[in-house]
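To start, the structure under review is shown below, and the notes come after it.
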Amino acid sequence: MKREADFLQELSASGKAAHQRTKMLIMVALLFGAVFLSFFLGRFSITPPEVIALFKEKLFGIASGLTSSESKVFWGIRFPRVIAACAIGCGLSASGCVYQGAFRNPMVSPDILGATAGAGLGAAIGLMFNFTNSGVQITAFCFGLAAVGATYLFASVLGDKGNMTLSLVLTGIVMGALFQAGISLIKYVADPYSKLPAITFWLMGSLASVIPSYLPILLLPLLIGLVPLYLLRWRINLLSFSDEEASSMGVNTSRLRLIIVLCATLITSCVVAVGGIIGWVGLVIPHIARMIVGTDYKYLFPASMLLGATYLLLVDDIARAASSLEIPIGILTAVIGAPFFLVLLHRTRKQGQGV
């Protein structure tokens, strides 16, 4: 009887794993479909056969028969923008997912420790002082890291040592408010005819200015942050227990939480440095992934990455194709994300699950 029960349990676990893998494969297929769709959407019309021809020309040297201007538009503008949208959506969702696990709070988002506000201030300073595009990105990146570093420092020195998580969150809120005040000050003193519009538009979030040279600045830090988080996703499950219980299982919760914060901050800073402030992705998408694959970070983390990349890519498609005047992507993510989150709150309350 015991052997039969063990066999049935193994069979059930195997069936659940196969079901989860099927869901992941569907998400991968949706992402590839969204990428292919995005390649030929836009004001400059490029058909699917032309997209295939351009890839054959790039990879195998087979002449595409298209003009040089069409090739430049695709490789110089559309291709890097599609890659950037996928990377930014993936990064924001991954950061939100691990932050929610590390702080045991599903209302946490990637800007909780001040990274978004810090990067925003850095970009605003760069734009006001006429930095190059790369200079603006590097300044935003450094300020984002500095904001979280200040948060961690003040939380360690002034916060409650017995509840470091709460100290980090509260200090992050304070630092975020401080850096937001800095952004407001920069906007107040900036030239209203040349500098202020550029700063305001950048803070709304947009991928319109993404060019191929931006991709290394985005992708390299993103990979450095994502790889450790992906390898540690098994251990993030243990943070759902109390620190004492997790420690009894052999997990150094303080060190694990520090690694998560550093990696997620690196991801958030590089994302904001390239795309501006794009809200709601890191808050909403992990909830959707949790509804689909459950709470096990073995599947939840990669599902959040895939769904985030697909979601932001489709939102960017709407931003650049819905009207003749491109809509800032940060506005669209708020318009879509806020009502959805209200519906999600209502649903969880109705089911008696809470948030």
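For every residue, the table says whether it meets (1) of a type in the set (Phe, Trp, Tyr); (2) touching a strand residue (DSSP E or B) at 6+ places or on another chain (Cβ under 6 Å); (3) on the phi < 0 side of the Ramachandran plot.
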residue	(1), (2), (3)
PHE60	yes, no, yes
SER69	no, no, yes
ILE77	no, no, yes
CYS86	no, no, yes
GLY96	no, no, yes
GLN100	no, no, yes
ARG104	no, no, no
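What tally of residues in the stretch 216-264 results from selecting those that are within 23 Å of ALA303 (Cα to Cα), open to solvent by less than 50 Å² (accessible area, probe 1.4 Å) and assigned to a helix (DSSP H, G or I)?
Of the residues in that region, 18 qualify.
Looking at the structure I just gave you, is THR139 open to solvent by 20 Å² or more (accessible area, probe 1.4 Å), within 17 Å of ILE259 (Cα to Cα) and of a type outside the set (Phe, Trp, Tyr)?
Numbers: open to solvent by 20 Å² or more (accessible area, probe 1.4 Å): yes; within 17 Å of ILE259 (Cα to Cα): no; of a type outside the set (Phe, Trp, Tyr): yes.
Criteria not met by THR139.
Among (1) touching a Phe, Trp or Tyr at 6+ places or on another chain (Cβ under 8 Å); (2) modelled with pLDDT under 80, where does LEU11 come up short?
All conditions pass for LEU11, except number (1).
Taking the stretch 48-64 on its own, how many of its residues are out of contact with any Phe, Trp or Tyr (no Cβ under 7 Å at 6 or more places or on another chain), touching a residue at least 12 places away in the same chain (Cβ under 8 Å) and part of a helix (DSSP H, G or I)?
Kept after step one, since they are out of contact with any Phe, Trp or Tyr (no Cβ under 7 Å at 6 or more places or on another chain), are these residues of the stretch 48-64: 49-50, 52-53, 55-64.
Imposing the further condition that a residue be touching a residue at least 12 places away in the same chain (Cβ under 8 Å) reduces the set to 50, 53, 57-58, 64.
Add one more test, that the residue is part of a helix (DSSP H, G or I), and what stays is 50, 53, 57-58.
Number satisfying all stated conditions: 4.
Residues that are out of contact with any helix residue (DSSP H, G or I) (no Cβ under 8 Å at 6 or more places or on another chain) and modelled with pLDDT under 90: list the helices (runs of 4 or more DSSP H) wholly contained in the stretch 275-355 that include at least 3 such residues.
Numbers: elements: 281-293, 297-321, 329-350.
The qualifying helices (runs of 4 or more DSSP H) are 329-350.
In contact with a Ser or Thr (Cβ under 8 Å, 6 or more places away or on another chain), open to solvent by 30 Å² or more (accessible area, probe 1.4 Å) and of a type outside the set (Lys, Arg): does that describe ILE83? Spell out the reasoning first.
Values: in contact with a Ser or Thr (Cβ under 8 Å, 6 or more places away or on another chain): no; open to solvent by 30 Å² or more (accessible area, probe 1.4 Å): yes; of a type outside the set (Lys, Arg): yes.
Against the criterion (in contact with a Ser or Thr (Cβ under 8 Å, 6 or more places away or on another chain), open to solvent by 30 Å² or more (accessible area, probe 1.4 Å) and of a type outside the set (Lys, Arg)), ILE83 does not qualify.
Cβ-Cβ below 7 Å, separation at least six or inter-chain, first residue in the stretch 295-306 and open to solvent by 30 Å² or more (accessible area, probe 1.4 Å), second assigned to a helix (DSSP H, G or I) and among the basic types (Lys, Arg): which pairs?
Cβ pairs passing all conditions: LYS298/ARG233.
Conditions tested, residue by residue: (1) touching a Phe, Trp or Tyr at 6+ places or on another chain (Cβ under 7 Å); (2) of a type in the set (Asp, Glu); (3) surrounded by fewer than 20 Cβ atoms within 10 Å (Cβ to Cβ).
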residue	(1), (2), (3)
LEU66	no, no, yes
GLU70	no, yes, yes
LEU113	no, no, no
MET128	no, no, yes
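Based on what the data block shows, is SER206 of a type in the set (S, T, N, Q) and closer than 26 Å to MET128 by Cα? Give the derivation first.
Working: of a type in the set (S, T, N, Q): yes; closer than 26 Å to MET128 by Cα: yes.
Yes; evaluated as a whole, the condition is true for this residue.
So, of the residues in the stretch 154-185 that are of a type in the set (A, V, I, L, M, F, W, C) and touching a Lys or Arg at 6+ places or on another chain (Cβ under 9 Å), which turns out to be surrounded by the fewest Cβ atoms within 10 Å (Cβ to Cβ)? Outline the logic, then answer.
Within the stretch 154-185, the subset of a type in the set (A, V, I, L, M, F, W, C) is 154-155, 157-158, 164, 166, 168-170, 173-175, 177-179, 181, 183, 185.
Checking the rest, the ones that are also touching a Lys or Arg at 6+ places or on another chain (Cβ under 9 Å) come to 164, 168.
Values: MET164: 18, LEU168: 23.
Looking at the filtered set, the residue picked out is MET164.
Scan the stretch 86-110 for residues that are open to solvent by 40 Å² or more (accessible area, probe 1.4 Å) and among the hydrophobic types (A, V, I, L, M, F, W, C) and jot them down. Lay out the reasoning, then the answer.
Just the residues of the stretch 86-110 that are open to solvent by 40 Å² or more (accessible area, probe 1.4 Å), to begin with: 104-105, 107.
Scanning the stretch 86-110 gives a single hit, MET107.
Pick from the stretch 307-330 the residues that are open to solvent by 30 Å² or more (accessible area, probe 1.4 Å) and within 16 Å of the chain's Cα centre (by Cα): which of them is nearest to ALA264 (Cα to Cα)? Spell out how you get there, then give the answer.
Quick first cut of the stretch 307-330, residues open to solvent by 30 Å² or more (accessible area, probe 1.4 Å) only: 307, 311, 314, 318, 321-327.
Checking the rest, the ones that are also within 16 Å of the chain's Cα centre (by Cα) come to 307, 311, 314.
Working: LEU307: 17, TYR311: 19, LEU314: 23 Å.
Out of the qualifying residues, it is LEU307.
Can SER134 be described as within 25 Å of ARG81 (Cα to Cα), part of a helix (DSSP H, G or I) and polar (S, T, N, Q)?
Values: within 25 Å of ARG81 (Cα to Cα): yes; part of a helix (DSSP H, G or I): yes; polar (S, T, N, Q): yes.
Taking the combined requirement at face value, the residue satisfies it.
Run down THR151, THR165 and say which single residue is closer than 23 Å to THR253 by Cα and touching a residue at least 40 places away in the same chain (Cβ under 8 Å).
On the way: THR151 fails: touching a residue at least 40 places away in the same chain (Cβ under 8 Å).
Going through THR151, THR165 in turn, the sole match is THR165.
Quick one: which residue in ALA94, ALA115 is modelled with pLDDT of 90 or more and within 23 Å of VAL261 (Cα to Cα)? Walk me through how you get there before you give the answer.
Numbers: ALA115 fails: modelled with pLDDT of 90 or more.
Testing whether each residue is modelled with pLDDT of 90 or more and within 23 Å of VAL261 (Cα to Cα) leaves just ALA94.
The values are calculated or read from the model by the stated rules, or taken from the named source; none is laboratory data. Remember, predicted model here, so these are calculated numbers, not experimental data. Glycine gets a Cβ as well: all are built from the backbone with ideal geometry, and neighbour counts include every protein chain shown. In case anyone asks, the SASA skips ligands and DNA or RNA and just uses the protein heavy atoms, side chains included. Shrake-Rupley method; radii C 1.70, N 1.55, O 1.52, S 1.80 Å.
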